[in-house]
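These notes concern the structure reproduced below.
Values in this text are rule-based calculations from the coordinates and carry no lab data. All figures in this text were calculated on a predicted structure; none of them were measured in a lab. Cβ placement follows ideal geometry from the backbone for every residue including glycine, while neighbour counts extend to all protein chains displayed.
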Amino acid sequence: MNSVYQLNKGVNNPVVFRGLKGQYIWWLALGLGLLLVVFALLYIAGTPVSICMGLVLVAGGVLFRSVYRLNHRYGEHGMMKQLAHKATPKWVRCNQLFEA
């Protein structure tokens, strides 16, 4: 059975996939790719499969929960705005006198 996922909901609307907007889709994909690599490295190192699966499943659950929490908290562009706000100075000092 084929499943079809809708990525766009219209013109000028953000890319939404299962509730995730914009950059969070890429963050989740990157995290899942890293978990796949971790599983492969643990399996090659000789760790029992049950321990590998348990570790990767727990880490995957934490990954999903944290990405969805960030998506819900900051929205599509909110996290970038929050980081930009933290990078701006709180005070601007001017040590020059105005001369006419």
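Summary of values
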| quantity | calculated |
| --- | --- |
| All positions within the stretch 15-68 that are more than 22 Å from Ser3 (Cα to Cα) and of a type in the set (Lys, Arg) | Arg65 |
| Complete set of residues in the stretch 52-100 that are farther than 26 Å from Tyr24 by Cβ and among the aliphatic types (A, V, I, L, M) | Val92, Leu97, Ala100 |
| Residue in the stretch 13-35 that is without any contact (Cβ under 8 Å) to a residue 40 or more places away in the chain and touching a Cys at 6+ places or on another chain (Cβ under 8 Å) present | no |
| In the stretch 46-100, the residues that are hydroxyl-bearing (Ser, Thr, Tyr) and closer than 17 Å to Leu34 by Cα | Ser66 |
